[in-house]
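Before any comments, here is the structure.
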Amino acid sequence: MTGAARRARIGGAEIEYRGTVGEIDVSDGQDGPGARYVFTEYIRTDLTDDERAVRPVLFAFNGGPGSSSVWLHLGLGPRRVADADTLHPRMAPPFALVDNADSPLDVADLVFIDPPGTGYSRIHPDADRERFHGVEQDAHATLEFIGRWVRRNGREQSPRFVMGENTARIARRACRVSRTAARCAEAPRGRPR
């Protein structure tokens, strides 16, 4: 996983960041093959290691059903579509990109998640699909993804925020992930009750 180094003017300041696309595998909950999550992260790089270790991380996903996180990049990411006429936006390409002055990247690193079945994320062909389709199942798999991302990046001390966009179903996913995380923290060996 390597990312491109970039600069953007966000929140009134010039910041440096790295954008990376990556993959993380999660289990099916019973030590069998599970799913591969594809994600895009934007990590601010002009900070010290100590600052980065406690910097907030925002995990975001889109709704749909079946919609990837691609639209979140253009609203929350460090770049947005340039359109001077917001009342009558251009509907056909080409679209120019400009720095997104309103991106939260100045205060938190961003991880855009594509849950299995959206974008390039997939459930393993030998996995039990029912372990990923449903509110509880989705919350457990997403929480496992977040935990693996946090450990892979040494961000155990970073505050974590979960955001869902688009439909009430996605808001329920974000709430369920938060509730499941709270139960995991209380349960022995990090497993929900």
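The values are calculated or read from the model by the stated rules, or taken from the named source; none is laboratory data. These figures come from a predicted structure and were not determined experimentally. FYI the Cβ positions are ideal-geometry reconstructions off the backbone, even for glycines, and counts take in every protein chain you see. Protein only, heavy atoms only, side chains kept; ligands, DNA and RNA dropped before computing areas. Shrake-Rupley method; radii C 1.70, N 1.55, O 1.52, S 1.80 Å.
Values computed for the structure shown
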read-out	value
Tally, over the stretch 41-59, of residues that are within 15 Å of A5 (Cβ to Cβ) and not basic (K, R)	6
In the stretch 21-56, the residues that are in contact with a helix residue (DSSP H, G or I) (Cβ under 7 Å, 6 or more places away or on another chain), modelled with pLDDT of 95 or more and farther than 18 Å from V162 by Cβ	R44
Any hit, the stretch 66-82, residues being touching a Gly at 6+ places or on another chain (Cβ under 9 Å) and within 22 Å of G147 (Cβ to Cβ)	yes
All positions within the stretch 44-65 that are open to solvent by 10 Å² or more (accessible area, probe 1.4 Å), touching a residue at least 40 places away in the same chain (Cβ under 8 Å) and among the hydrophobic types (A, V, I, L, M, F, W, C)	A53, V54, L58
Qualifying positions in the stretch 73-89 - open to solvent by less than 50 Å² (accessible area, probe 1.4 Å) and closer than 24 Å to L47 by Cα	H73, G75, L76, G77, P78
Failed condition for V70, given (1) under 12 Å from the mean Cα position of the chain (by Cα); (2) among the aliphatic types (A, V, I, L, M); (3) open to solvent by less than 40 Å² (accessible area, probe 1.4 Å)	(3)
Filter result for the condition that a residue is open to solvent by less than 70 Å² (accessible area, probe 1.4 Å), assigned to a helix (DSSP H, G or I) and among the hydrophobic types (A, V, I, L, M, F, W, C), over A92, A127, A139	A139
The one condition in (1) under 23 Å from R9 (Cα atoms); (2) open to solvent by less than 70 Å² (accessible area, probe 1.4 Å); (3) in contact (Cβ under 8 Å) with a residue 40 or more places away in the chain that F39 fails to fulfil	(1)
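Quick grid of which residues meet (1) at pLDDT 85 or above; (2) closer than 19 Å to E156 by Cβ; (3) outside any helix (DSSP H, G or I):
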{"site": "G19", "(1), (2), (3)": "yes, no, yes"}
{"site": "L58", "(1), (2), (3)": "yes, yes, yes"}
{"site": "R80", "(1), (2), (3)": "yes, no, yes"}
{"site": "A84", "(1), (2), (3)": "no, no, yes"}
